[in-house]
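These notes concern the structure reproduced below.
The values are calculated or read from the model by the stated rules, or taken from the named source; none is laboratory data. These numbers were taken from a predicted model, which means no experiment stands behind them. For neighbour counting, all protein chains shown are included, and Cβ atoms are generated from backbone atoms with ideal geometry for every residue, glycine included.
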Amino acid sequence: MRSSKFFRVPLLLLLLLGSAAVPAHAETSQTVWYGGYLSMRTAGAFVARDATEWAKMWRSLLESPPPRALPDGHVGIALTMGPRRTGGYFLEMTGHEQRPCVDVVTVIEHAPQPGAIVTQAFTTPWMIALVPAGTRPIVVERQLAGGEKVLTVPPSEGPLLAQMGEACANLVRPKKAP
């Protein structure tokens, strides 16, 4: 009788510790992940174009490994809203469009409705998504809670955007009649 009591405690610990090793965002078929808490305290946009950058993105933002490998033909994009005084804020990816010179990821920043019951704690809403890869730079079009639209160029995409500058200008510039 006494030995079964000691057997239950290690089994319970094993179950608890085993389940703690699996991140809450470990759904392997997902292509978009959301959350409300990060160690990072600034708003930003980040792009991962290879497996090393993908793993680094997850480690730096969430201090965990990615829930799945970066699929071939895709890039990872992470967006953070920066600190908010309460819960109720979140990001929603509404589209990904491949334009002639850039790939545009469109996102809406949602705020809680007036009078909504929300968490009374600082939050840092974030979103990570997989989008089809291209050779064009990725820019993010954010629609802020007030309706204003802001275009953000992730830091890693700046040099690529600069390299494509003249090629894009020639592509979209109206042709002069002979």
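Values for this structure:
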item: Where a residue in region 122-149 is under 24 Å from ALA111 (Cβ atoms) and without any contact (Cβ under 8 Å) to a residue 60 or more places away in the chain and its partner, wherever it lies, is of a type in the set (A, V, I, L, M) and in a loop (DSSP other than H, G, I, E, B), with Cβ under 6 Å and at least six apart; result: VAL139/VAL102; VAL139/VAL153; ALA145/ALA111
item: Count - residues of region 138-165 that are modelled with pLDDT under 90 and part of a loop (DSSP other than H, G, I, E, B); result: 4
item: Filtered residues of region 107-120 (kept if among the small types (Gly, Ala, Ser) and under 21 Å from the mean Cα position of the chain (by Cα)); result: ALA111
item: Test set (1) closer than 15 Å to ILE77 by Cβ; (2) of a type outside the set (Phe, Trp, Tyr); (3) touching a residue at least 60 places away in the same chain (Cβ under 8 Å) - GLU92 fails condition number; result: (3)
item: Which numbered condition ILE117 misses (of (1) more than 20 Å from GLY36 (Cα to Cα); (2) outside any strand (DSSP E or B); (3) not small (Gly, Ala, Ser)); result: (1)
item: Region 101-118: number of residues that are over 21 Å from ALA45 (Cβ atoms) and touching a residue at least 60 places away in the same chain (Cβ under 8 Å); result: 0
item: Residue count for region 30-65, restricted to those that are over 27 Å from LEU151 (Cβ atoms) and crowded, with 16+ Cβ neighbours inside 10 Å; result: 1
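Yes or no, residue by residue, for (1) of a type outside the set (A, V, I, L, M, F, W, C); (2) surrounded by fewer than 17 Cβ atoms within 10 Å (Cβ to Cβ); (3) within 18 Å of the chain's Cα centre (by Cα):
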{"residue": "PRO71", "(1), (2), (3)": "yes, yes, yes"}
{"residue": "THR80", "(1), (2), (3)": "yes, no, yes"}
{"residue": "PRO83", "(1), (2), (3)": "yes, yes, yes"}
{"residue": "THR94", "(1), (2), (3)": "yes, yes, yes"}
{"residue": "VAL105", "(1), (2), (3)": "no, no, yes"}
{"residue": "PHE122", "(1), (2), (3)": "no, yes, no"}
{"residue": "ILE128", "(1), (2), (3)": "no, no, yes"}
{"residue": "ARG136", "(1), (2), (3)": "yes, no, no"}
